[in-house]
There are 2 protein chains.
Amino acid sequence: MRQRVAMKVSNYVDTQSTEEVPGVFKREVITDKDGAPNFCMRVFEVEPGSSTPNHSHQWEHEVFILSGEGVVVGEQGETPIGAGSVVFIAPNEQHCFVNSSGKVLRFICLIPLHS
Amino acid sequence: MRQRVAMKVSNYVDTQSTEEVPGVFKREVITDKDGAPNFCMRVFEVEPGSSTPNHSHQWEHEVFILSGEGVVVGEQGETPIGAGSVVFIAPNEQHCFVNSSGKVLRFICLIPLHS
């Protein structure tokens, strides 16, 4: 019988961050290691002047901006984002998140597992 | 051929909220109507003294606390939560979110589609 998975409560800052590209830090706060069956949650911090890679892939992003300011760049141009912004990026859509402000741009980004 | 889905950028406050139970308001900020293929994002606001229903269901929750203070109640007891808390609730686990403070408890909660 599969082991019963229990609730996990943490603070995102307690998860070790890794520098994905220069100035972009990622924390994987909920993953399949916690028992997540379908999708996982990451928290990103982009330093002033930095940007996530401009790329596309087969899976979607569901993003919520926690703090800071910047732009999300898509195939139709760029759109300002700030605290409270919600961004859905469809599968195969080109995109990047640019910090155009003087403070850290912090956001949650969820992706499906096995992506 | 399936229509191409484009990026969606909004602010969560621009989504109409509905009162799920007294004192608990929900905004569905990313859903299958936006083209999301796997999971959807909701933003909840729980008024002081209110609580989400104490229930269980077959699908998981992935939660990030935006602001406010409270407790998440699970089968093993209750755990304090506040801004920056991350909560994974496994499928079939009993749970509720209680606002034990004097300010709104605001959090993101993601669930799989078709749940």
So for the range B:67-78 (the condition being facing chain A (nearest Cβ under 9 Å), within 30 Å of A:GLN94 (Cα to Cα) and in a strand (DSSP E or B)), does at least one residue qualify?
no
Quick check: anything in the range A:86-96 more than 11 Å from every other protein chain (Cβ to nearest Cβ), assigned to a strand (DSSP E or B) and open to solvent by less than 20 Å² (accessible area, probe 1.4 Å)?
yes
What about B:PRO53, is it away from chain A (no Cβ under 11 Å) and surrounded by fewer than 16 Cβ atoms within 10 Å (Cβ to Cβ)?
yes
Given (1) at the interface with chain A (Cβ under 10 Å from one of its Cβ atoms); (2) without any contact (Cβ under 8 Å) to a residue 12 or more places away in the chain, where does B:HIS114 come up short, assuming only one miss?
(1)
Whether any residue in the range A:44-53 is on the phi > 0 side of the Ramachandran plot and modelled with pLDDT of 95 or more is what I want to check.
yes
Do we find a residue being surrounded by fewer than 18 Cβ atoms within 10 Å (Cβ to Cβ) and under 15 Å from A:LEU110 (Cα atoms) anywhere in the range B:68-82?
no
Those strands (runs of 3 or more DSSP E) lying entirely in the range A:1-61 with at least 3 residues in contact with a Cys (Cβ under 6 Å, 6 or more places away or on another chain)
none
Might you check whether a residue that is more than 11 Å from the chain's Cα centre (by Cα), free of Cβ contacts under 8 Å to residues at least 24 places away in the same chain and over 22 Å from A:GLU78 (Cβ atoms) occurs anywhere in the range A:37-57?
no
Checking B:VAL87 against (1) farther than 11 Å from A:MET7 by Cβ; (2) at pLDDT 95 or above; (3) out of contact with any Leu (no Cβ under 7 Å at 6 or more places or on another chain), which test does it fail?
(1)
All-but-one check, A:MET7 against (1) more than 12 Å from the chain's Cα centre (by Cα); (2) at pLDDT 95 or above; (3) open to solvent by 30 Å² or more (accessible area, probe 1.4 Å), failing number (2)
Give the number of residues within the range A:12-27 that are open to solvent by 40 Å² or more (accessible area, probe 1.4 Å) and within 11 Å of chain B (Cβ to nearest Cβ).
2
Working only within the range B:28-39, note down all residues that are more than 20 Å from A:SER56 (Cα to Cα), surrounded by fewer than 18 Cβ atoms within 10 Å (Cβ to Cβ) and at the interface with chain A (Cβ under 10 Å from one of its Cβ atoms).
B:THR31
For the range A:97-115, how many residues are in contact with a Phe, Trp or Tyr (Cβ under 8 Å, 6 or more places away or on another chain), farther than 22 Å from A:GLY49 by Cβ and open to solvent by 40 Å² or more (accessible area, probe 1.4 Å)?
1
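The values are calculated or read from the model by the stated rules, or taken from the named source; none is laboratory data. On a predicted model such as this, the values are computed, not experimentally measured, just so you know. In this analysis, Cβ positions are derived from the backbone assuming ideal geometry, glycine residues included, and neighbour counts consider all displayed protein chains. Ligands, DNA and RNA are stripped out before the accessible areas are found, and what is left, the full protein with its side chains, is counted by its heavy atoms. Shrake-Rupley method; radii C 1.70, N 1.55, O 1.52, S 1.80 Å.
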